[in-house]
Amino acid sequence: MKRRVLIIGTMLTGFLLILSPLASAAEAQVGNPAKDFSLPDSTGKTHSLSDYKGKIIVLEWLNHGCPYVKKHYNSGNMQKLQKTYAAKGVIWFSIVSSAPGKQGYMTPEEATETVKQKNASPKAVLLDPEGNVGKLYGAKTTPHMFIIDSDGILVYNGGIDDIRSTSTDDIDKAKNYVQMALDELLAGKDVTVRTSQPYGCSVKYK
Amino acid sequence: MKNNETAVKLIHEKGIPHRNSPCFFSVSPEMRTNCLREKTSIFCPSSLKLVFFIVFLVSTTILAGCKNSEPVKAQLISELKSIQPGQAFCVALRLEMAKQWHTYWKNPGDSGMPTKIEWNLPDGFRAGEIQWPYPQKIEIPQVVSFGYEGEVFLLTEIKAPVAVEPDSTVEISAGVDWLACKEICVPGHADLMMRLPVKGEKPEPDKRWVRRLTATRRNMPKKFSDWEINASAKNGQIFIHIIPPQWFKKELADISFFPEQEGIIDLLGKRHFQSLKDEYVIGIQQSLFAEKLPQRLQGVLISKYGWSQFGQEKALTVDVSLHK
């Protein structure tokens, strides 16, 4: 009897394991609460997501060496979004998960200097050289955008817009999903396009 | 700046030839005599070792930079040496990637960008879509991509109009864009052109390319009607059912599915492969980015055994309804 229970139990567990979705997918699934994390910024100050409860938060995965990031920075597109929405109370974090020695990695001093050079206005550039927060969110590319609403729910996970290219000419032609989602949230509406295929260079993890 | 100039001048001294290219610099030959005359010069033995060291660093950086500036060489080639009026002929974009660099498939995967061809053809000529041989799967942390390393031939069928002038030469041009990646990514562009004579007689194949184009064709995904493929979506998973033909006596293993559509399948997720009595089933996690599933599942199934009785063709085209 015991042996039979054990065999059936094992088979059932195996069967359930086969059918259950992978745990890692739930981490960055829209509709779920965004996972809290703490990272230092380029000035040495630590920021936790939970420090910003009640705010709309944007996470922008960054690597200034990547042609796709250059598309959005050389055109001023990313800086314009940062500035416009900062003025509306949105907290915007640029996050660098490049490992030391890999493209996109910046020392705290380099990160501070680059913000000035690029005339960017994120709340802070968060440094994640171990790649832990990148992997927590499943950040695949630079740029890869995540938006968290004021209730702490992940409401957008995907690309910055819908034209997968390195050409600045495509910026005005594209649907900017970040802009769309933020405008909807600020108007008290639900986000209509909650995901899109992120595009860019792969994040240069350790 | 001065140190740079003098270091550059020594590159020539060391026997690296001068060329009209950003990688190489022109030099004056008097440098060597300076050390004998002016002992305080940097070319004197005591500081020469330091200077040679700087030169070594500078030259390796410059040469490394030069190599990286050309990770991909592109070329247009024709299967046939001439074209006939009214006939379709095959043209290939040959891409040669430097070691460890890759370019992308029509679905690049989690990152990257597919190669694009914009044809500029004479009046009446029509080009078809790119025919993509099956790619390799490239896996790095958090990212799965599909692409090509080494060399690839992307085929396109072009049709000549009936009205093309016999005994003339036509120019086939294309603007090509690609993304080449190794550790980092470099977008590339080439404006390519080739000339082909128009002749009334049956064209001869260009022997230089026969072997490689034959191999490319073997790697083109095809439909194999004796295999039955079905697809369904349930509980956040996509299931691909494979029913083998009667003649298949082996045990299927090592099957890969490369989706043509992005954002349907979680490329990172594990695949569950089941061998059942009458069929095989591959279970794949749906993509996080799949808000709405499409009507059809399209992609390529790759089997190491091959799908035809002679085993050579490893890529099967999947284009089936996605039952929900």
So B:Trp209 ticks every box in (1) surrounded by 15 or more Cβ atoms within 10 Å (Cβ to Cβ); (2) without any contact (Cβ under 8 Å) to a residue 60 or more places away in the chain; (3) of a type in the set (A, V, I, L, M, F, W, C); (4) more than 24 Å from A:Tyr156 (Cβ to Cβ) but one. Which box is left unticked?
(2)
A careful count of residues in segment B:269-286 that are more than 8 Å from chain A (Cβ to nearest Cβ), under 22 Å from B:Tyr104 (Cβ atoms) and surrounded by 19 or more Cβ atoms within 10 Å (Cβ to Cβ) gives 1
Of everything in segment A:56-78, what is within 16 Å of the chain's Cα centre (by Cα), outside any strand (DSSP E or B) and more than 14 Å from chain B (Cβ to nearest Cβ)? Give them in sequence order.
A:Ile56, A:Leu62, A:His72, A:Met78
From the option list B:Ala231, B:Ala253, single residue qualifying as surrounded by fewer than 17 Cβ atoms within 10 Å (Cβ to Cβ) and either outside the structural domain of B:Trp105 (by TED's automatic domain parsing) or under 30 Å from the mean Cα position of the chain (by Cα) (or both) is B:Ala253
From the residues in segment A:61-109 that are among the β-branched types (Val, Ile, Thr) and in contact (Cβ under 8 Å) with a residue 40 or more places away in the chain, which one is farthest from B:Gly188 (Cα to Cα)?
A:Val90
Against the conditions (1) buried (at least 19 other Cβ atoms within 10 Å of the Cβ); (2) in contact with a Lys or Arg (Cβ under 8 Å, 6 or more places away or on another chain); (3) among the polar types (S, T, N, Q), where does A:Ser196 fall short? Just the number, please.
(2)
Complete set of residues in segment B:287-303 that are in a loop (DSSP other than H, G, I, E, B), away from chain A (no Cβ under 11 Å) and polar (S, T, N, Q)
B:Gln295
Which condition number in (1) at negative phi; (2) modelled with pLDDT of 95 or more; (3) within 11 Å of chain B (Cβ to nearest Cβ) is the one that A:Gln197 fails?
(2)
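Listed here are the residues, each with its yes/no results for (1) β-branched (Val, Ile, Thr); (2) out of contact with any Ser or Thr (no Cβ under 7 Å at 6 or more places or on another chain); (3) in a strand (DSSP E or B).
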site: B:Trp209; (1), (2), (3): no, yes, no
site: B:Thr214; (1), (2), (3): yes, yes, no
site: B:Asp226; (1), (2), (3): no, yes, no
site: B:Ala233; (1), (2), (3): no, yes, yes
site: B:Ile242; (1), (2), (3): yes, yes, yes
site: B:Gln246; (1), (2), (3): no, yes, no
site: B:Gly263; (1), (2), (3): no, no, no
site: B:Gly269; (1), (2), (3): no, yes, no
site: B:Lys277; (1), (2), (3): no, yes, no
Restricting to segment B:99-145, give me the number of residues that are away from chain A (no Cβ under 13 Å), within 27 Å of A:Lys204 (Cβ to Cβ) and in a strand (DSSP E or B).
4
Regarding A:Ala181, is this residue farther than 27 Å from A:Ser42 by Cα, buried (at least 20 other Cβ atoms within 10 Å of the Cβ), modelled with pLDDT of 95 or more and more than 12 Å from every other protein chain (Cβ to nearest Cβ)?
yes
Return the residue satisfying two criteria in turn: it lies in segment A:184-194 and is more than 12 Å from chain B (Cβ to nearest Cβ) and either assigned to a loop (DSSP other than H, G, I, E, B) or of a type in the set (Gly, Ala, Ser) (or both), and of such residues it is nearest to B:Tyr104 (Cα to Cα).
A:Asp190
Scanning segment B:174-189 for residues that are at pLDDT 95 or above, surrounded by fewer than 21 Cβ atoms within 10 Å (Cβ to Cβ) and either facing chain A (nearest Cβ under 10 Å) or within 24 Å of B:Val210 (Cβ to Cβ) (or both) gives B:Asp177
Lone unmet requirement of (1) over 17 Å from the mean Cα position of the chain (by Cα); (2) modelled with pLDDT under 95; (3) aliphatic (A, V, I, L, M) for B:Ile240
(2)
Based on what the data block shows, is A:Ala86 in contact with a strand residue (DSSP E or B) (Cβ under 9 Å, 6 or more places away or on another chain), hydrophobic (A, V, I, L, M, F, W, C) and surrounded by fewer than 23 Cβ atoms within 10 Å (Cβ to Cβ)?
yes
Residue ranges of strands (runs of 3 or more DSSP E) in segment A:99-168 with at least 3 members within 14 Å of chain B (Cβ to nearest Cβ):
A:154-158
Per the filter on segment B:146-173, residues among the small types (Gly, Ala, Ser) and either free of Cβ contacts under 8 Å to residues at least 24 places away in the same chain or within 14 Å of another protein chain (Cβ to nearest Cβ) (or both) are B:Gly147
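The values are calculated or read from the model by the stated rules, or taken from the named source; none is laboratory data. Please read all numbers here as calculations on a predicted model, not as lab measurements. Please note: Cβ atoms are built from the backbone with ideal geometry, for glycine as well, and neighbour counts cover all protein chains shown.
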